[in-house]
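Engineer: My questions all concern the structure below.
Please treat every number below as a calculation from the coordinates, not as lab data. Bear in mind the structure is a predicted one, so any value in this text is a computation, not a measurement. So basically every Cβ, Gly included, is an ideal-geometry build from the backbone, and we count neighbours across all protein chains shown.
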Amino acid sequence: MKKKICIVVANYYPKISKDLLLESSKILKINGIKNYKTYKVPGVFEIPFVIAKNINRYDGFIALGCVIKGKTPHFNFISKSSIDALMSLSTTYKKPIGNGIITCLSKKQALERSSKLNNKGKESTLAMLSLLKI
């Protein structure tokens with residue numbers, strides 16, 4: 001498959017982001033995708049901006065990152081606005097965006113969802129690749 005892919009990864013939780021990115025990259029390579037670029041941003045709120053800025057340069061996108069619930073409503077605002085923005089970009093521009101932003105209630109839960117066994121980076125990459133074939 002000769003497609004250009006963009007991965008945008010939020011580094012707020014470095015270990016989680018690294019694990020999501022590692023599995024996502026493996027899936028791209030297994031599927032013969034060599035033409036991809038990774039952009040690193042501070043948090044998930046910045047992911048839609050980078051995708052919007054590059055929407056015409058790539059065939060598909062993968063959004064990776066993590067939001068963990070704290071004691072304030074910040075979790076709700078960041079999670080909803082980021083995911084809504086990704087959906088809006090995807091449907092407006094007819095470009096597949098694999099949503100690998102994990103939203104968790106604890107760091108333990110986030111580590112489980114970024115583990116090799118249950119990696120959302122892998123799942124979101126597979127989802128994006130399946131949409132590229134449609």
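Engineer: Report, by chain and number, residues whose modeled amide H sits under 5 Å from the one on I62, excluding near sequence neighbours (fewer than 5 apart, same chain).
Structural biologist: Amide H neighbours of I62: C6, I7, V8, G98.
Engineer: Shifting gears a bit: I need the calculated FRET efficiency for the pair M87 and I30, taking r as the beta carbon distance and R₀ as 22 Å, to the nearest 0.05. Could you put the intermediate results ahead of the total?
Structural biologist: Values: r = 27 Å, r/R0 = 1.22.
The pair M87/I30 has a calculated efficiency of 0.25.
Engineer: Same structure again: Whole-Hz ³J(HN,Hα) for each residue in the stretch 107-119, computed from phi via Karplus 6.51 cos²θ - 1.76 cosθ + 1.60 with θ = phi - 60°, x for glycine and proline: what do you get?
Structural biologist: So the Karplus estimates, Gly and Pro as x, are 5, 4, 4, 5, 5, 5, 7, 10, 6, 4, 6, 9, 8 Hz.
Engineer: Still on this structure: Can you work out the Karplus-derived ³J(HN,Hα) for every residue in the stretch 49-57? Use 6.51 cos²θ - 1.76 cosθ + 1.60 with θ = phi - 60°, whole Hz, and x for glycine or proline.
Structural biologist: Calculated HN-Hα couplings, in order: 4, 5, 5, 4, 5, 10, 4, 8, 8 Hz.
Engineer: Same structure, new question: Sorted by average packing, counted as other Cβ atoms within 10 angstrom per residue and highest first, what order do 27-35, 114-122, 77-85 take?
Structural biologist: 114-122, 77-85, 27-35
Engineer: Just how large is the dipole of the chain about the Cα centre, in debye to the nearest 20, putting +1 at every Lys and Arg Cβ and -1 at every Asp and Glu Cβ?
Structural biologist: 340 debye
Engineer: So what's the net charge close to S88: Lys and Arg +1, Asp and Glu -1, counting the other residues with Cβ under 15 Å from its Cβ?
Structural biologist: Local charge sum for S88: +3.
Engineer: Also, I was wondering about something else. To the nearest 500 deg cm²/dmol, what mean residue ellipticity at 222 nm is calculated for the chain from DSSP H runs of n ≥ 4 alone, each contributing -39,500 (n - 2.57), summed and divided by the residues?
Structural biologist: One gets -15000 deg cm²/dmol as the mean residue ellipticity at 222 nm.
Engineer: Could you work out how far the C-alpha centroid of the stretch 91-134 sits from that of the stretch 2-73, in angstrom?
Structural biologist: Centre-to-centre (Cα) distance: 9 Å.
Engineer: Students often check this: by mean Cβ neighbours within 10 Å, which of 47-53, 97-103, 4-10 ranks highest, and how do the rest follow?
Structural biologist: Going by the mean number of other Cβ atoms within 10 Å, highest first, we get 97-103, 4-10, 47-53.
Engineer: Sorting check: for 36-45, 54-63, which peptide has the highest mean count of neighbouring beta carbons within 10 Å, and how do the rest follow?
Structural biologist: Result, highest mean first: 54-63, 36-45.
Engineer: Counting other beta carbons within 10 Å of each residue's own, what order do E23, E46, E112 fall into, fewest first?
Structural biologist: Listing E23, E46, E112 from fewest to most nearby Cβ atoms yields E112, E46, E23.
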